[in-house]
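Asks: Okay, here's the structure, questions in a sec.
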Amino acid sequence: MSRVAYVDGVYRRHRDAAVHIEDRGYQFADGVYEVIAVRGGKLIDEVLHLVRLRRSLGELRIAGALADAPLKVVMREVVRRNGVVNGIVYLQITRGTAPRDHGFPKAARPILVVTAGCSRPANPKLVEEGISVITIPDIRWQRCDIKTIALVANVLGKQQAREAGAYEAWMVDAEGRVTEGTSTNAWIVTGDNLIVTRAADHSILDGVTRQALIAIIRREGYAFAERPFTVAEAKAAREAFLTSTTSDLLPIVAIDGQPIANGAPGLVSQKLRADYLAHVAEGG
Ligand code: PDD
């Protein structure tokens, strides 16, 4: 089956799909995106993704993008045309195409691109053995809550992690506190079994997986706090883990090469992963 992408109103062969060279996404990273998991043919936590998308568009003052109802139709059609049962939908909305000028163009209209692709669940080895992260300075701008396509700091961080043999890089603010991973949210479980993740202020993306997991944590009655934690506190934690649409929940067993507790995935992380996967199995 040849891949199909939706580009500005038209379904195209993926290999021929293109936007104009003066698309403001290309020139200014002037746009937003979402990555939604497809499991068993269903778009997981679609509503939460759409709420976040509208918020991102609002923060960038991009008006006139396709409304939720037709957008849902397009996403389903792209999933169907690509035969995706398990994978992801990627959607991107930029401010549009216009002669290059930093200020908002008067005539441009938003351009929507939607793609979908198959992917497998996380490598079981990563789940069984856990993953490692490194820590790096957070060099991003001060509105990381907006899911913009301006990701070059995240790109550099992820590459640094890979070159260090790690799965992810945790970014650290000027006070030595972890903000988040380059494409994931960061969590620890303290010595007295308190689950901790940073509050969703302007310094992190409020992950949809994070939101879904917080709902599960509250439902199950776990001790939980939304507050910053330092790298030192994370290294001394009982457990650590990360969450994202594409990674679900993965246990972290080493930070900067230093083992967390006994260096094996923790019980709370494993239980929360199972709870989260049950939520996904129900369609999110
Ligand atoms: N990344 N933090 C950052 C910086 C992210 O880019 C992401 C998602 C997350 C987790 O958000 P969610 O749970 O909604 O996936 C946190 C996506 C998956 C990506 O860029 O591919």
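Asks: Of the residues Q258, Q211, which single one is within 10 Å of the ligand (Cβ to nearest atom) and not hydrophobic (A, V, I, L, M, F, W, C)?
Replies: Sole residue among the options that is within 10 Å of the ligand (Cβ to nearest atom) and not hydrophobic (A, V, I, L, M, F, W, C): Q211.
Asks: Kindly indicate which of V114, V172, V178 is of a type outside the set (G, A, S), in contact (Cβ under 8 Å) with a residue 60 or more places away in the chain and either within 11 Å of the ligand (Cβ to nearest atom) or in contact with a strand residue (DSSP E or B) (Cβ under 8 Å, 6 or more places away or on another chain) (or both).
Replies: V114
Asks: Something else: Residue under question is A274, and the condition is that it be away from the ligand (no atom under 15 Å from the Cβ), farther than 30 Å from R54 by Cβ and either in contact with a Lys or Arg (Cβ under 6 Å, 6 or more places away or on another chain) or not aliphatic (A, V, I, L, M) (or both); does it hold? If you could, list the steps in order and put the result at the bottom.
Replies: Numbers: away from the ligand (no atom under 15 Å from the Cβ): yes; farther than 30 Å from R54 by Cβ: yes; either in contact with a Lys or Arg (Cβ under 6 Å, 6 or more places away or on another chain) or not aliphatic (A, V, I, L, M) (or both): no.
Spelling it out, it is not the case that A274 is away from the ligand (no atom under 15 Å from the Cβ), farther than 30 Å from R54 by Cβ and either in contact with a Lys or Arg (Cβ under 6 Å, 6 or more places away or on another chain) or not aliphatic (A, V, I, L, M) (or both).
Asks: Sticking with this one: Under 7 Å by Cβ, and 6 or more places apart or on different chains, what pairs join a residue from region 194-219 that is farther than 16 Å from F241 by Cβ and free of Cβ contacts under 8 Å to residues at least 60 places away in the same chain with one that is open to solvent by 30 Å² or more (accessible area, probe 1.4 Å) and of a type in the set (K, R)?
Replies: Pairs that qualify, where the first residue is farther than 16 Å from F241 by Cβ and free of Cβ contacts under 8 Å to residues at least 60 places away in the same chain and the partner is open to solvent by 30 Å² or more (accessible area, probe 1.4 Å) and of a type in the set (K, R), are A199/R227.
Asks: Just one of D138, D145 is touching a Lys or Arg at 6+ places or on another chain (Cβ under 9 Å), among the acidic types (D, E) and within 11 Å of the ligand (Cβ to nearest atom); which is it?
Replies: Details: D138 fails: touching a Lys or Arg at 6+ places or on another chain (Cβ under 9 Å).
When all the criteria are applied, what remains is D145.
Asks: Can you pull out the residues in region 127-150 that are touching a residue at least 40 places away in the same chain (Cβ under 8 Å) and within 22 Å of G25 (Cα to Cα)? So that I can check it myself, show each step before the final result.
Replies: In the first step, residues of region 127-150 are kept if they are touching a residue at least 40 places away in the same chain (Cβ under 8 Å); the result is 127-135, 138, 142-150.
The answer is Q142, R143, C144, D145, I146, K147, T148, I149, A150.
Asks: Let me ask something else. Which of the residues that make up region 114-154 are open to solvent by less than 90 Å² (accessible area, probe 1.4 Å), closer than 20 Å to V35 by Cα and either among the small types (G, A, S) or in a helix (DSSP H, G or I) (or both)?
Replies: A116, G117, S119, A122, A150, A153, N154
Asks: Hand me the list of helices (runs of 4 or more DSSP H) wholly inside region 176-284 holding 1 or more residues that are in contact with a Ser or Thr (Cβ under 8 Å, 6 or more places away or on another chain) and open to solvent by 20 Å² or more (accessible area, probe 1.4 Å).
Replies: 231-235
The values are calculated or read from the model by the stated rules, or taken from the named source; none is laboratory data. Note that the structure is predicted; figures quoted are calculated from it, not measured. Cβ coordinates were reconstructed from backbone atoms using ideal geometry, including for glycine residues, and neighbour counts include every protein chain displayed. Note: accessible area is taken over every heavy atom of the protein model, side chains too, but ligands, DNA and RNA are not part of it. Shrake-Rupley method; radii C 1.70, N 1.55, O 1.52, S 1.80 Å.
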